[in-house]
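In what follows, a single structure is set out as structure tokens and then discussed.
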Amino acid sequence: MDVLEAPRGLNNVVVTQTSIGDVRGEEGFYHYRQYSAIDLAKSCSFEDVWFLFVEGRLPDADERERFLAEIAPLRELPEEVLPALRAVALAGTKPNMLGGLRTILSLVGSARGMAPVYGSPPEQRRADALLVSAVTPTILAALHRIRAGLDPLQPRSELSMAQNWLYLISGEVPTPTHARAIEQYLIATIDHGFNASTFTARVVASTGADVAAAVCAAIGAFSGPLHGGAPDRALDALDAIGTPDQAEQWVRDRVAAGERIMGFGHAVYRTDDPRSLMLRSIAQSIGGPLVDFATSAEQIVVDTLAELKPDRVLYANVEFYAGVVMELCGIPRSMFTPTFACSRVVGWSANILEQAQDSKMIRPIARYVGPAPSQPIEVR
């Protein structure tokens, strides 16, 4: 059997073909299908881009109206999950929104009888993907409100995805400025190449499992602190810095201790993260002391890291200004990563649907490095 050697972490290994999008790290550019992701975030609604991921094209006016009508009822919490919501939300001493989401989505998949993608007709797979994507924000907001001692809310059909997300968390319809800021963030984070959670979703989908199972697996990968859990910690870093004049020494102390600087550096980009540039612009358009502090601290951190790590290019990544924008829009820090999940679930679902078209299961091998077999078994 021929064996192909792969680098640790499968770094830069092409494992399949995709028409969903790509990331060009050296250029500081990424796209969804044939469009720049940042251009889409600046000019389109979240629902239009969601349609693009599902259908492969942007909708015309009639298609937009039909799509909005199709997804609106899917956002409502299924009756079958309501008895479990409170128990899941209140489990544990600390909030675990992504863990709760996995549990409730598994229940949704079972209650709705989601069939394995292997052998299911394309229209059934599409319907399951739309349901999981549509109901995810409602589940997360309900878990948050129950944990806070509040009654969960049902989404309002006249509100957009971003408006509903802020409404479901706070109980108040957001201002147009805040709704648009969050919408642009959500669009910019739907997909980003074959990151760990997207690859996990595709591995599970390649086994033929149902859409909910593949998304739950992706959420498990996404929950890791090295993947989706950085926006709140990036803002915590600003709290720890305190004032711009303390930023340089704070960075030097963290680097000397061998710690990572959350919100800086990226596995793919070797230049400015285009998502960070857009979010910085959004934050500056809203303005305020937090934005002034963040922009000052960003430059000091980048300059200090350039001095201490001259062999690495470390710019602010998406998490740094994502945290700032979400804070400005009134999203609690415990809901920063769940906000990220509300957009990324659309990207996971698109990847699951694409993977379902390939009947080949993803099944790599590992090199064994343990004790040499076969050793005699000593019975004692």
- Message: Just to be sure I understand the curve: with the Debye formula and one point per C-alpha of segment 161-278, what is log10 I(q)/I(0) at q = 0.09, 0.15, 0.17 Å⁻¹?
- Response: -0.37, -0.96, -1.12
- Query: Which one of GLY56, GLY25, ALA41 is farthest out on the positive end of the charge dipole of segment 23-63, using unit charges on Cβ (Lys, Arg +1; Asp, Glu -1) and the Cα centre as origin?
  - Reply: GLY25
- Task: Assuming 1.002 mPa s and 20 °C, estimate D for segment 231-328 with Stokes-Einstein, Rh taken as the Kirkwood radius over Cα pairs, in µm²/s.
- Result: 161
- Task: Enumerate the amide H contacts of TYR32 below 5 Å, restricted to partners 5 or more residues apart or on another chain; note that Pro and chain-start residues carry no placed amide H.
- Result: ALA37
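Quick check on the exposure proxy: order LYS42, LYS94 from fewest to most C-beta atoms within 10 angstrom.
Working: LYS42 14, LYS94 6.
In increasing order of surrounding Cβ atoms, one gets LYS94, LYS42.
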- Query: Given q = 0.11, 0.15, 0.17 Å⁻¹, what are the Debye log10 I(q)/I(0) values for segment 46-170, with equal point scatterers placed on the Cα positions and solvent ignored?
  - Reply: -0.41, -0.74, -0.92
- Most exposed first by the Cβ proxy, i.e. fewest other Cβ within 10 Å, how do GLU55, GLU183, GLU378 rank? GLU378, GLU55, GLU183
- Task: Treat each spin label as a single point 7 Å out from the Cα along the C-beta direction, and report the GLN246 to SER157 distance in nm.
- Result: 5.2
- Note on the chain: contact order normalised by length, alpha-carbon pairs under 8 Å, 6 or more apart, percent, works out to 22
- Task: Would you calculate, for the chain, the mean residue ellipticity at 222 nm contributed by helices, counting each DSSP H stretch of 4 or more residues as -39,500 (n - 2.57) and dividing by all residues, to the nearest 500?
- Result: -17500 deg cm²/dmol
- Fully extended, how many nm does the chain gain between GLN299 and ASP236 (0.36 nm per residue separation, minus their Cα-Cα distance)? 21.0 nm
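Convert 10 °C to kelvin, take the viscosity as 1.306 mPa s, use the Kirkwood radius over C-alpha pairs of segment 130-190 as Rh, and evaluate the Stokes-Einstein diffusion coefficient in µm²/s, rounded to a whole number.
On the way: Rh = 11.9 Å.
In µm²/s, the coefficient rounds to 134.
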- Correct choice for mean projected area of the Cα convex hull in nm² that was computed from the model, options [x] 23.9; [y] 19.5; [z] 18.5: [x]
- Query: Among LEU140, LEU308, what is the fewest-to-most ranking by other Cβ atoms within 10 Å?
  - Reply: LEU308, LEU140
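What's the extension gain from LEU308 to SER106 if we count 0.36 nm per residue and subtract their Cα-Cα distance?
Values: separation 202, 0.36 × 202 = 72.72 nm, distance 4.59 nm.
Residue separation times 0.36 nm, minus the Cα-Cα distance, leaves 68.1 nm.
Compute the length gained on full extension between GLN357 and GLU63: take 0.36 nm times their separation in residues and subtract their Cα-Cα distance, giving the result in nm to one decimal. Working shown, then result.
Details: separation 294, 0.36 × 294 = 105.84 nm, distance 2.42 nm.
Between GLN357 and GLU63, full extension yields 103.4 nm more.
Remind me, what semi-axes does segment 1-98 give for its equivalent ellipsoid, largest first in whole Å, using sqrt of 5 times each Cα gyration tensor eigenvalue? Provide the component values of the computation, followed by the final result.
Working: eigenvalues 215, 153, 43 Å².
Equivalent ellipsoid of segment 1-98: 33, 28, 15 Å, largest first.
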- Query: Karplus couplings for segment 144-160 from phi (6.51 cos²θ - 1.76 cosθ + 1.60, θ = phi - 60°), rounded to Hz, Gly and Pro as x?
  - Reply: 4, 5, 4, 4, 8, x, 10, 7, x, 10, 8, x, 9, 5, 7, 9, 6
- Using a Gaussian network model of the chain whose springs link C-alpha atoms within less than 10 Å, name the residue from GLY265, GLY113, GLY28 with the highest mean-square fluctuation. GLY113
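Computed from the coordinates by the stated procedures, all read-outs in this text should not be read as laboratory data. Note that the coordinates shown come from a computational prediction; the quantities given were computed from them, not determined experimentally. Reconstructed Cβ throughout: ideal geometry from the backbone, glycine too, with neighbour counts over all protein chains shown.
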